[in-house]
1. Please report the antiparallel percentage of the DSSP beta bridges confined to the chain, to the nearest 5.
2. Could you put 12, 129 in order, starting from the residue whose Cβ has the fewest other Cβ atoms within 10 Å?
3. Return the single residue from 237, 20, 360 with maximal mean-square fluctuation; model: Gaussian network over the chain, springs between Cα atoms under 10 Å.
4. 222 nm [θ] for the chain, helices only, -39500 (n - 2.57) per DSSP H run of 4+, per residue, to 500?
5. Determine, for 251, 51, the number of other Cβ atoms within 10 Å of each Cβ, and report the residues in order from fewest to most.
6. Multiplying the sequence separation of residue 281 and residue 69 by 0.36 nm and subtracting their Cα-Cα distance, what value in nm do you get?
7. Which residues does the label zone of residue 344 cover in the range 366-410, counting backbone N under 15 Å from a point 7 Å along Cα→Cβ?
8. Return the label of the correct value of Cα Rg over 2.2 N^0.38 Å, as calculated from the structure shown, out of (i) 1.09; (ii) 1.02; (iii) 0.97.
């Protein structure tokens, strides 16, 4: 049992394996035992800017010295500029921002906004999805974290997601989804009661559940289905946003304009607790004459706004989104090489600096992988029960660091899963 006087999340306390962090720089973090770990998972997917970014810390300090606390209805420069920058990243038509403390709250308030604007109750999301741990966001969530808390808020309907290498319709990754999962949402909107769904919530690429990249026409077909039904479309960019997939936002890869965009994680790169709902004018105008029944005590906290604003400036100055797009093919190339080295089938998928490899092996082999990664001081998201290892490094990682890290992962994977007789040595 843990000797610490607090709970560890998403685990039994007897199984908790904490690391005592002491600092970090770039794509690396350090621990109290003197370890220096290559962070291939951006901690909890949030450290897009990297560790030890002093300019973000300095921005927080400056803001704290000037204005350290506020009220939800207050106005100050960092709050205004941050909202303006978010709207510019979202693109034409987006007109308002609702600030939150994180991703779950962003999705909670997107639910509230959708219900108020449409007057409808229901929402649609996917089985392999994660939208947050609060009760509304958890109701949207499709993965293992939802069932222990049921019953949750009513009205959420789940549909299947895009696993193109196992598509029940026979499609494959990159193919047109003319008979595939995009039609599932269209069909569900109709069969579950046309005109009763307030919103469809989708991660552009479901990250924590395996980096499933949709076919090119998936998002456009879902957008068309929502338009035909009158349902809103919400892009949950909490994990995918701010360069993770190589664009400012993941949905932008497919030229679709959602009604709302929810963000957090990379917004302040973990340096402060902040999230937001970015709202299109066609939704926001409802509240010109109607009360917005949403609010939070720490709405747009000054130090959090300062951290987020400086983070966005850093991304722009360093070309972080473009760097992610450039390294995406490198990450897939190296993971493909790892897959060929293994004695088991190990599909690879990803977009930008978000990718997964899924070796088909027993849980015991995955436990061995975890131990091998710890020996090599590699941090990433290993989900043995779901059979995935997910890569989401800080966007500042160099190509040399990325290649080195994935090849070291490959050595660990060979030790855990066995080597292919025709594998390619690193």
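None of the figures in this text is laboratory data; all of them are computed from the coordinates on show. For clarity, every value in this text was computed on a predicted model and none was experimentally measured. In this analysis, Cβ positions are derived from the backbone assuming ideal geometry, glycine residues included, and neighbour counts consider all displayed protein chains.
1. Roughly 65 percent of the beta bridges in the chain run antiparallel, per DSSP.
2. 12, 129
3. With Cα springs under 10 Å in the chain, the top fluctuation among 237, 20, 360 is at 20.
4. Theoretical 222 nm ellipticity from helices: -11000 deg cm²/dmol.
5. The fewest-first ordering by Cβ neighbours comes to 51, 251.
6. 73.4 nm
7. It comes to 366-373, 382-390, 410, nothing else.
8. Correct label is (iii).
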